[in-house]
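Below is one structure, written out as structure tokens, with a few remarks after it.
The values are calculated or read from the model by the stated rules, or taken from the named source; none is laboratory data. Quantities reported herein were computed from a predicted structural model and do not represent experimental measurements. Here the Cβ positions follow ideal geometry from the backbone for every residue, glycine too, while neighbour counts run over all protein chains shown.
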């Protein structure tokens, strides 16, 4: 795979990823390349009898410059973020698939709340007996939504799980829209519905590949998660691949083959495809019985913190500062007690 | 240690109040001592510059990218840019 150079900067609550690329003032890219097509490294190029042209070999090398732009290539799992989080939950899942461990294919929104979507091997997945309102769940595998969440209402029989987490996605859903399904096209039945579908498509035009979740179609194969192929069919959604989860728990993407149906009333959600794992059997910090996942020494620091806050409530600022100092000292001592011996300096490679 | 033990040691009798203060303490600890660390991976999309940070992230410890300064599909730490690049993102998304 290609050698790349990235950098990041913060923008509000988001992180901006930029990639360095070579440009020349003549407007042409002057990157290293092979005289034969299909070879991206010097070794394979020369082994095939081609000539490797280095990036500095451009005739306009005196006007070459490097600049950072948005990433030029899609890379699956390309960013890795390491972060600290608050241990306000304990995962007690036994990893029993279908019992306290579940796989979801994507996330979306109903305009207010976060929704998770799934589908079986060839039919909708019934979640009604798996999740109850107020259950705590832990999400992993989703870059944005990883962490603790609470279920808002019982799982649906059509493969949708509604969470209490707020999520206002635009567009979110076309509810009870009447469509004609033919040749992998979901075509609005009336002009009004065609306009709704067109607006739905336009609002997600910025995405490289858009995904939808179809619910309540009369035929089982008309439901589920689909990628959209193009936007040229006015008033219609052209589905490309259907994503399913097979019996082994593998995610598969195969060409959609949707049975023709007329005047089918469906709901269509705008979703983001991610391979999400959901754990049940979560104990959340809600009452006195919760066991903190900290060492005894660190837990003592929590006692100092609580005492500091109580002093603050009583407007005893001296007491607050005293206990806060103890809290910080306790944490520092706890951290330094795990380091022994001299540090060594190493290179980057 | 259980919440009830902390309540007894600190002399708090209201559970709700204790739970909120303990959550604050855990957040403060995550900020300064990083007792619990997790790693998550996000897809890079061509042309997409801005990515949402994980919802439960308290402190970002490292950002790594696949193939950064290597061709072996390794994840390596990427530097933070002091200034925003001159070339703006076309759609700001």
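Residue-by-condition table, conditions (1) within 25 Å of residue A:116 (Cα to Cα); (2) at pLDDT below 90:
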| residue | (1), (2) |
| --- | --- |
| A:262 | no, yes |
| A:277 | yes, no |
| A:280 | yes, no |
| A:330 | no, no |
| A:343 | no, yes |
| A:346 | no, yes |
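So which residues in the stretch A:157-179 are surrounded by 17 or more Cβ atoms within 10 Å (Cβ to Cβ), part of a loop (DSSP other than H, G, I, E, B) and over 17 Å from the mean Cα position of the chain (by Cα)? Even if it seems obvious, please write down each step before you answer.
If we filter the stretch A:157-179 for residues that are surrounded by 17 or more Cβ atoms within 10 Å (Cβ to Cβ), which is where we start, we get A:158-163, A:165, A:167, A:169, A:171-174, A:177, A:179.
Still in the running and part of a loop (DSSP other than H, G, I, E, B): A:158-159, A:167, A:169, A:171-172.
A:158, A:159, A:171 - these are the residues of the stretch A:157-179 that are surrounded by 17 or more Cβ atoms within 10 Å (Cβ to Cβ), part of a loop (DSSP other than H, G, I, E, B) and over 17 Å from the mean Cα position of the chain (by Cα).
Yes/no per residue for (1) touching a helix residue (DSSP H, G or I) at 6+ places or on another chain (Cβ under 6 Å); (2) surrounded by 14 or more Cβ atoms within 10 Å (Cβ to Cβ); (3) at pLDDT below 90; (4) under 22 Å from residue A:249 (Cα atoms):
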| position | (1), (2), (3), (4) |
| --- | --- |
| A:74 | no, yes, yes, no |
| A:78 | no, yes, no, no |
| A:81 | no, yes, no, no |
| A:97 | no, no, yes, yes |
| A:122 | no, no, yes, yes |
| A:141 | no, yes, yes, yes |
| A:146 | no, yes, yes, yes |
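Assess whether residue A:56 counts as being touching a strand residue (DSSP E or B) at 6+ places or on another chain (Cβ under 9 Å), more than 9 Å from chain B (Cβ to nearest Cβ), at pLDDT below 80 and assigned to a helix (DSSP H, G or I). I'd like the intermediate steps shown before the answer.
Numbers: touching a strand residue (DSSP E or B) at 6+ places or on another chain (Cβ under 9 Å): yes; more than 9 Å from chain B (Cβ to nearest Cβ): yes; at pLDDT below 80: yes; assigned to a helix (DSSP H, G or I): yes.
Spelling it out, residue A:56 is indeed touching a strand residue (DSSP E or B) at 6+ places or on another chain (Cβ under 9 Å), more than 9 Å from chain B (Cβ to nearest Cβ), at pLDDT below 80 and assigned to a helix (DSSP H, G or I).
List the strands (runs of 3 or more DSSP E) inside chain B, counting only whole elements, that have at least 3 residues being at the interface with chain A (Cβ under 7 Å from one of its Cβ atoms).
On the way: elements: B:37-44, B:50-52, B:59-66, B:75-77.
Filter on chain B gives B:37-44, B:50-52, B:59-66.
Of the residues B:66, B:48, only one is under 17 Å from residue A:74 (Cβ atoms) and at pLDDT below 90; which?
Values: B:66 fails: at pLDDT below 90.
Exactly one residue qualifies, and that residue is B:48.
Which of the numbered conditions does residue A:341 fail, given that it passes all the others? Conditions: (1) assigned by TED's automatic domain parsing to the domain that holds residue A:122; (2) at positive phi.
(1)
Kindly list the number of the only condition in (1) buried (at least 19 other Cβ atoms within 10 Å of the Cβ); (2) in contact (Cβ under 8 Å) with a residue 60 or more places away in the chain that fails for residue A:265.
(1)
Kindly indicate which of A:154, A:182 is away from chain B (no Cβ under 14 Å), at pLDDT 90 or above and more than 22 Å from the chain's Cα centre (by Cα). Working first, answer last.
Values: A:182 fails: at pLDDT 90 or above.
When all the criteria are applied, what remains is A:154.
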